[in-house]
Each structure stands twice: as C-alpha cells, then as structure tokens.
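Here's the structure we're looking at; comments come further down.
The values are calculated or read from the model by the stated rules, or taken from the named source; none is laboratory data. Remember, predicted model here, so these are calculated numbers, not experimental data. Neighbour counts run over all protein chains shown; Cβ positions are idealised from the backbone, glycine included. Note: areas computed on protein heavy atoms with side chains; ligands, DNA, RNA excluded. Shrake-Rupley method; radii C 1.70, N 1.55, O 1.52, S 1.80 Å.
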Amino acid sequence: MSPRINLCGHEVGPGQKLFVIAGPDSIESEEMALRHAKLLKEITSRLGVPYAFKCSYDKANRTSGKSFRGPGLKEGLRILARIKREVGVPILTDVHETSHVAPAAEVVDIIQIPAFLCRQTDLVEAVARTGKGVNLKKGQFVAPKDIVHSARKAVETGNPNVLVTERGATFGYNNLVVDMRGFAQMREAGLVVCFDATHSVQLPSSGDGQTGGERKFVSLLARSAAAAGIDALFTEVHEDPDRALCDGPCSLNPQMFEDVLRQVLGIRRVLGHEPAE
C-alpha cells in the first residue's frame, strides 16, 4: 500500500499538509448543516489546511432505538449536495448498507465505513469500487496491526486512496483508550492514518440509552496524536454541543475546534511533519 493517497485532489500522507475532516455528527436540519459547513470552511481556509465537511444522513448504530438518526438517505444526500454546490467544500458521509453506496457516491467525495462495520467485506469492497476516497474507521475491537487486512480489501479493488482512522479501542465497559503506538504500527504497514479526536473520548452507552463523552480530553489526545505522527485529523464540531442531537458530550464548539487545530499544526511544524509554506 502507498504511504501517500489522494483525497479530494490533495496529497495526504507523510510530508504533506494535515488533511482535516470536521462537521456535526448528524444533519439536524438543512440550515444547521449549511451554517456549519460555511463556518468550518472559513476556519480551515484561514489556517491553510485542506478540508472536507463531514455529516451523517443516518446514524444507524445509535445506543437506543429511540435516538435521533437524521433525515435519511434521499433527503440527506440532497442536503449534502446543496452544501457541496453552495459552499464549495468536499463532502464525507458514512454508509451502513451496500445499497446506499451507489447513491452516496453520486454526491460525496469521501465515503466512510463505520468502525463497527470495518470488517464487512462486501461493504468495504463496494465503497472502494466507487473510486471515491475511502475513510475506513478502525473498529474498537481491532488491533492497529490487524486493520491492514480490511484496508487491503479496499486497495485490492484498484482504489489506493484509503485513509484509516483511529477512534479508540474498547477498554472494559463504557470506556475507550487510544494506544499511541498504533499510529507508528499502522504507518509502518504502509497505511495513511487519521485520528478521530472526538469519538475517541466517547464513553459508549454510559448513560441511560445514550453515549457519554469527555470533551475536556479531546485537545490532550489530539496533541499526543500529532506528536505520534498522523496524516489527517477528524473532529465533530457543533455550535452548541450540549444541545447536539448526537454525540454532544464529545463534540467541540467552533472555537474549541480552531484552538485544537492550531495546537496540532503547531506540534506538526515543530516536529517537521507539516511542510513549510
């Protein structure tokens, strides 16, 4: 596998600029998603980093069947197409079923495979065959050295542009940990790696039918991952995290997002990971 890939026209990998993926966890409304895309584009443009807007049209793996899921495939893709057209940003969204892959590929630039589904061969191969960028979330149950097998399923379809995202590993009940050695192990295996700084502070199913989170540790883990050597950063951003309909406890507000991104870029520059302007 190649140590560099291409996402949305940007080279991503060692020696390249940090690629940033950010946005609300789910589409709560059309205007809400549009507003966030404009704001995040402004922040990332000001900091000079390549950026893709992320948002889900369907949260299919919620803790409770009563939890908010989003507008669904058809309406969600319509909204994401509008954002791409009007804001001028690449789009990332996740798919949970092979039947959703082709419709999503007509709109989005990067298709994400959820962590719980990272070993689902039919889904991984279907996403890769679209020719779109692939964001393969590493399952909470998968060791860093083992995710290479899932990544290889995608690459062997003929699509080299596979990003592997660390989002923490299950540690006992209702907790995740991030083993910083994993970034080195995945890069040694030829993978281009991303860190999901917000899902990594989840406390899965820790509430009554809800997932909790420890937002205060996002910056700490992001700085550590930057030092460990990442090629991309993934964060969930919401204008009012405490009122978010999904993953609010681990989401950042826009100012926190900008602060974390500045810290990560500063560490990368000091260590020589970020190319000179």
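Residue-by-condition table, conditions (1) touching a strand residue (DSSP E or B) at 6+ places or on another chain (Cβ under 8 Å); (2) farther than 30 Å from Pro275 by Cα; (3) of a type in the set (A, V, I, L, M):
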site	(1), (2), (3)
His10	yes, no, no
Glu28	no, yes, no
Arg35	no, yes, no
Lys41	yes, no, no
Leu47	no, no, yes
Cys55	yes, no, no
Gly76	yes, yes, no
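Quick one: which strands (runs of 3 or more DSSP E) lie wholly within the stretch 10-109 and hold at least 1 residues that are under 23 Å from Val218 (Cβ atoms) and hydroxyl-bearing (Ser, Thr, Tyr)?
Result: 51-54, 91-94.
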Margin query: If the requirement is being open to solvent by less than 50 Å² (accessible area, probe 1.4 Å), under 17 Å from the mean Cα position of the chain (by Cα), among the hydrophobic types (A, V, I, L, M, F, W, C) and at pLDDT 95 or above, which of these qualifies: Ile79, Ile111?
Written below: Ile111
Next item on the list: State all residues of the stretch 13-40 that are under 20 Å from Asn135 (Cα atoms), more than 14 Å from the chain's Cα centre (by Cα) and not small (Gly, Ala, Ser); if no residue qualifies, say none.
Entry: Pro14, Gln16, Lys17, Ile27, Leu40
Check: Looking at (1) more than 21 Å from Phe19 (Cβ to Cβ); (2) among the polar types (S, T, N, Q); (3) touching a residue at least 40 places away in the same chain (Cβ under 8 Å), can you tell me which one Gln112 breaks?
Finding: (1)
Notebook entry, point to check: Is there any pair linking a residue in the stretch 1-16 that is over 18 Å from Val148 (Cα atoms) to one that is open to solvent by 60 Å² or more (accessible area, probe 1.4 Å) and part of a strand (DSSP E or B), with Cβ under 8 Å and at least six apart or on different chains, and which?
Noted result: Gln16/His10
Next item on the list: Considering each residue of the stretch 93-108, count those that are open to solvent by less than 30 Å² (accessible area, probe 1.4 Å) and either in contact with a Phe, Trp or Tyr (Cβ under 7 Å, 6 or more places away or on another chain) or acidic (Asp, Glu) (or both), and give that number.
Entry: 2
Checklist line | Cβ pairs under 9 Å, 6+ apart, first in the stretch 38-62 and farther than 16 Å from Leu233 by Cβ, second basic (Lys, Arg) and surrounded by fewer than 16 Cβ atoms within 10 Å (Cβ to Cβ) | finding: Tyr57/Lys74
Margin query: Being modelled with pLDDT under 85 and of a type in the set (Gly, Ala, Ser) is the filter here; which residues of the stretch 57-76 pass it?
Written below: Ala60, Ser64, Gly65, Ser67
Notebook entry, point to check: Based on what the data block shows, is Thr121 among the hydroxyl-bearing types (Ser, Thr, Tyr), modelled with pLDDT of 95 or more and open to solvent by less than 50 Å² (accessible area, probe 1.4 Å)?
Noted result: no
